[in-house]
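J.: Following this message is one structure expressed as C-alpha cells.
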Amino acid sequence: MKSVVKLKEEYIKLGQALKVANLVGSGADAKFLIGDGQVSVNGEVELRRGRKLYDGDVILFNGNDVIIEK
C-alpha cells in the first residue's frame, strides 16, 4: 500500500510520520518498531525515531510505502 504524508513544516520526524500515516497507534509503538530495525528510509534501515524526513523521502514499513511530500 502506498500513502502520502504532506509536510506542514520543513520536515517531519520518522516516528511522527508513522503515526500520521496510521501505521502505528502511538509513539511508543513507533519507538519499538524503529528500534527493532523494522523501518527503512530511502532503502536503508533506520534506527532513529527522530530522523528528520524531507520532501521526497520514502519510508518502508511492513510492506507499506509512505512518501513524504510538500
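The values are calculated or read from the model by the stated rules, or taken from the named source; none is laboratory data. These figures come from a predicted structure and were not determined experimentally. Counting neighbours? That spans all protein chains shown, and the Cβs are built from the backbone with ideal geometry, glycine included. Heavy atoms of the whole protein, side chains included, go into the accessibility calculation; ligands, DNA and RNA do not. Shrake-Rupley method; radii C 1.70, N 1.55, O 1.52, S 1.80 Å.
J.: In this structure, does GLU10 turn out to be in contact (Cβ under 8 Å) with a residue 40 or more places away in the chain and surrounded by fewer than 12 Cβ atoms within 10 Å (Cβ to Cβ)?
T.: yes
J.: Return the pair list, or none, for Cβ contacts closer than 7 Å from residues in the range 45-70 that are closer than 13 Å to LYS2 by Cα to residues that are in a loop (DSSP other than H, G, I, E, B) and among the hydroxyl-bearing types (Ser, Thr, Tyr), at least 6 apart or on different chains.
T.: Pairs that qualify, where the first residue is closer than 13 Å to LYS2 by Cα and the partner is in a loop (DSSP other than H, G, I, E, B) and among the hydroxyl-bearing types (Ser, Thr, Tyr), are ILE68/TYR54.
J.: Scan LYS19, LYS31 and give me the residue that is in contact with a Lys or Arg (Cβ under 9 Å, 6 or more places away or on another chain) and either assigned to a helix (DSSP H, G or I) or open to solvent by less than 90 Å² (accessible area, probe 1.4 Å) (or both). Quick ask: steps written out before the conclusion?
T.: Numbers: LYS19 fails: in contact with a Lys or Arg (Cβ under 9 Å, 6 or more places away or on another chain).
Within the list LYS19, LYS31, the selection yields LYS31.
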